[in-house]
Amino acid sequence: MTQSQIQTLPPKTPARVKTRLHRRSGLTFSELSLGAARWGEAVGAAGEAEVRDVFEAAWEAGVRYYDTAPFYGSGLCEHRLGEQLRWKPRDSYLLSTKVGIDLDAHGTRVPIPSVYSQNLAFKPICDYSEAGIRNSFESSLHRMGITRADIAFMHGLSVCPNGLDCAMETGMPALMKLREEGLLRMVGVGANTPAIAMRILEGFDIDILLFAGGLSLVDHAGAQEVMAACRARDIAVLSASPFGNSAFYGEANAPLRARLAEICTRHGVSEGAAIIRFGLLQDCVVSVLWSTKTLHHVHSTLASYAETIPLAFWEDCVSGGLVAPWVLGG
């Protein structure tokens, strides 16, 4: 099963994405946010047109937070996102990029493998030095053609050799310095495990955590401590990649999927809505971040988001073993 196969119901009213205020920063986030990662799979001129349609549909629905990174298509996704955003009033949206994985134009440094089918000719490299962090941030702005980003995340901690240790030693202090200089409104980290998230949280006063797959309906086993730490310090959380845990769709989790389908049917809730809206149960979550390169997935995600889910549904998910009790405050 893939995202395109997940059941969705049509919205009862036109989908309009609501917002959440992060008190500590004063920034307002759309509850759904769009990442450009999947745009590294869009091919040629047809792919450019797809990306444009995806962006415009999300924008029309009220999505006002967008995320990218140098690693995504070796700069391609930054170019594609910049082409859409640079014609919008700059104060009408939030924008984040990432540092830690930079791009080498000359092929003189040891690269890491790209995971994208479509890439520019640059080679992705790991660089957590102070100069590398600053260069990565400024070069990202140049590729987008936009003069400022609101947020920058430390990236590649589970991809780069010794990435977490290097980030702790030099990368994070360099990123914090960019905030001190007024070049960023928020700094954060992208983490795909609770262990990475907690190590950064214990070492640095970040503003926002991009929790990739770690706070989702399909995988939140280790998220309780992370959420408690973020809530106590008013650190914003992005519930990223809600559909991204491929293990959930494997044969081993067929019984789990069957229980979810049964509870959804009982309450008249789509599986897509349960997956999209799960992260928004936490008051420290400011947005659910997802990525797509197809217009169909934009429409299906907006339809899922527009559904109203009764508390009884989540209570049945807890009693059925799909959701941990702490998620509902238990």
Going by the structure shown, is His142 closer than 25 Å to Ala46 by Cα, free of Cβ contacts under 8 Å to residues at least 40 places away in the same chain and surrounded by fewer than 18 Cβ atoms within 10 Å (Cβ to Cβ)? yes
Mind checking whether some residue in region 252-267 is of a type in the set (S, T, N, Q) and in contact (Cβ under 8 Å) with a residue 40 or more places away in the chain? no
If you go through region 270-292, how many residues are more than 20 Å from Gly329 (Cβ to Cβ) and over 15 Å from the mean Cα position of the chain (by Cα)? 4
Residues satisfying the stated conditions in region 240-274, i.e. within 19 Å of Leu289 (Cα to Cα), among the aliphatic types (A, V, I, L, M) and not in a helix (DSSP H, G or I): Ala240
Residue among Val237, Val288 that is touching a Gly at 6+ places or on another chain (Cβ under 6 Å), in a strand (DSSP E or B) and either of a type in the set (Gly, Ala, Ser) or under 17 Å from Ala191 (Cα atoms) (or both): Val288
From the list Ala58, Ala69, pick out the single residue that is in contact with a helix residue (DSSP H, G or I) (Cβ under 8 Å, 6 or more places away or on another chain), crowded, with 22+ Cβ neighbours inside 10 Å and either assigned to a loop (DSSP other than H, G, I, E, B) or free of Cβ contacts under 8 Å to residues at least 40 places away in the same chain (or both). Ala69
Taking the condition of being among the β-branched types (Val, Ile, Thr) and either assigned to a helix (DSSP H, G or I) or within 30 Å of Arg185 (Cα to Cα) (or both), how many residues in region 215-234 meet it? 1
All positions within region 243-266 that are among the acidic types (Asp, Glu) and modelled with pLDDT under 95: Glu251
Tally the residues that are in contact (Cβ under 8 Å) with a residue 12 or more places away in the chain and charged (D, E, K, R), restricting the search to region 180-201. 2
For region 115-132, give me the residue count where each residue is out of contact with any Asp or Glu (no Cβ under 7 Å at 6 or more places or on another chain), under 24 Å from Thr170 (Cβ atoms) and either part of a loop (DSSP other than H, G, I, E, B) or basic (Lys, Arg) (or both). 2
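The values are calculated or read from the model by the stated rules, or taken from the named source; none is laboratory data. In this text the structure is predicted, and so the values were computed from the model without any measurement. Positions of Cβ are backbone-derived with ideal geometry, glycine not excepted, and every protein chain shown enters the neighbour counts.
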